[in-house]
Amino acid sequence: MEEQKKLIIIDSNSLIHRAFHALPPLTTRKGELINAVYGFCLVFLKILRELQPDYVVATFDFPGPTIRHKEFKEYKAKRPKAPAELYSQIPKVKEILKAFNVNFLEKQGFEADDLIATICQKTQKQQIFPEIQIYILTGDSDACQLINKNIKIYTLGRRIKEEIIYDENKIKEKFGLLPSQMNDFKALAGDPSDNIPGATGIGKKTAIELLKNFESLENLYKKIEKGETEKLRPRILDILIKNKEQVFLSRQLVQARFDVPIDFEIDNYKFANFDSQTVKKIFEDFGFRSLIARIPNEKKN
C-alpha cells in the first residue's frame with residue numbers, strides 16, 4: 001500500500017505574529033530585529049523534521065481591506081496595528097521560503113485563512129491520491145473549522161517551542177464540539193481579537209452549552225421561532241432574539257472562504273530541489289547558526 005502523502009500549508013502571518021510576541025528581541029549584525037524570522041524558522045524546521053512533507057505551500061495575508069471589511073466596517077478595528085519592526089521581517093521570511101524552494105500565495109481582498117480553505121478544498125477535489133494528509137501550520141486556532149479526518153491543525157502552545165496538533169478528537173476534548181460547530185461557536189461567543197461581536201452577553205461556556213443542546217444556529221433559531229424554548233433560560237432567550245442579525249453576521253465573518261480565485265495544482269508545490277548551501281548562507285547572515293544543523297537533507301524529484 002502506498003504511503004499517505006503529506007501537504008503542509010503555512011499560515012505565515014499568524015506564525016510570524018506569534019513568534020514576534022513570544023520571543024525576546026534578536027538582531028542581526030546590522031542591528032535589524034529578526035526575532036519573528038527566527039521563531040518562524042524554529043517551528044518550520046521542526047515540522048519539516050517531524051512530518052517530512054511531500055508538499056509545502058505558504059500563504060500570506062495581502063495588505064489592505066478584505067472582503068470582510070465590506071461586510072462589517074468594524075472588522076478587526078480594535079486590533080492594535082502591529083509595529084513596523086514586525087512587518088519589516090516578512091520579506092526575510094519570504095527570502096527563506098524561496099531558499100527552501102517553497103512557493104507562497106497571497107491574494108488581494110482575501111486573508112490567508114481563505115487561501116488555506118481554498119487550497120484544502122482544491123487538493124481534496126483533485127484526488128491525485130486516494131487520500132492526502134493536510135497539516136495547517138498556524139499560530140492560532142481559526143482554521144479549526146476545516147478539520148476533518150484528513151486535515152489537522154499544527155499550532156503553537158503557550159511557548160513557541162511547544163505544539164498542539166488538533167484533530168477531530170482534540171476539538172471534542174477541548175470544546176466538547178465538532179469542528180463543523182466551531183463557526184457557530186464563534187458566532188455566539190464572538191472573537192475580540194477580530195472584533196467579531198457575537199451575541200452580546202453570551203460567553204464561551206454558554207455558547208458551548210447551546211450548541212450541545214441545539215447542534216447548530218439554524219436549529220437553535222428554528223426552535224425559538226416555534227416557541228420550543230423550554231431549554232433556554234429567559235435571559236439567554238432574550239439575548240438570542242435581540243442579537244439574531246448580529247449572530248449570523250458574525251458567523252459570516254468567521255467562515256473561511258473556499259472561492260479564492262487561484263490556480264492550485266499540488267504538483268507545483270513539491271518539497272524538493274532546494275539548495276541547502278543557500279539556506280545555510282542565509283542562516284549565517286541572519287546569525288541563526290544554531291539552526292544550521294537542523295536544515296533537512298535535500299529532497300530530489
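What to note about this one:
- Single unsatisfied condition, residue 97 versus (1) out of contact with any Ser or Thr (no Cβ under 6 Å at 6 or more places or on another chain); (2) farther than 26 Å from residue 289 by Cα: (2)
- If the condition is being among the small types (Gly, Ala, Ser) and over 30 Å from residue 131 (Cα atoms), then the range 6-34 contributes 19, 22, 31.
- Count - residues of the range 254-301 that are without any contact (Cβ under 8 Å) to a residue 60 or more places away in the chain and closer than 30 Å to residue 144 by Cα: 1
- Residue list for the range 186-222, filter: more than 11 Å from residue 247 (Cβ to Cβ), in contact with a Leu (Cβ under 8 Å, 6 or more places away or on another chain) and surrounded by 13 or more Cβ atoms within 10 Å (Cβ to Cβ): 194, 206, 208, 211, 214
- Residue that is modelled with the lowest pLDDT [pool: residues in the range 150-160 that are surrounded by 13 or more Cβ atoms within 10 Å (Cβ to Cβ) and more than 21 Å from residue 186 (Cα to Cα)]: 160
- Of all residues in the range 117-149, those that are at pLDDT 90 or above, assigned to a loop (DSSP other than H, G, I, E, B) and either over 19 Å from residue 58 (Cα atoms) or more than 16 Å from the chain's Cα centre (by Cα) (or both) total 1.
- Hits in the range 136-158 (condition: within 15 Å of residue 39 (Cα to Cα) and among the β-branched types (Val, Ile, Thr)): 138, 155
- Every residue from the range 103-131 that is of a type outside the set (Gly, Ala, Ser) and either outside the structural domain of residue 15 (by TED's automatic domain parsing) or buried (at least 20 other Cβ atoms within 10 Å of the Cβ) (or both): 105, 110, 111, 113, 114, 115, 116, 118, 119, 120, 123
Okay, residues lined up against (1) of a type in the set (S, T, N, Q); (2) modelled with pLDDT under 90:
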site	(1), (2)
4	yes, yes
10	no, no
14	yes, no
36	no, no
41	no, no
44	no, no
54	no, no
58	no, no
62	no, yes
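- Checking 27, 66 one by one, the residue that is among the hydroxyl-bearing types (Ser, Thr, Tyr) and surrounded by 18 or more Cβ atoms within 10 Å (Cβ to Cβ) is 66 and no other.
The values are calculated or read from the model by the stated rules, or taken from the named source; none is laboratory data. Quick caveat: nothing in here was measured; it's all calculated off a predicted structure. For neighbour counting, all protein chains shown are included, and Cβ atoms are generated from backbone atoms with ideal geometry for every residue, glycine included.
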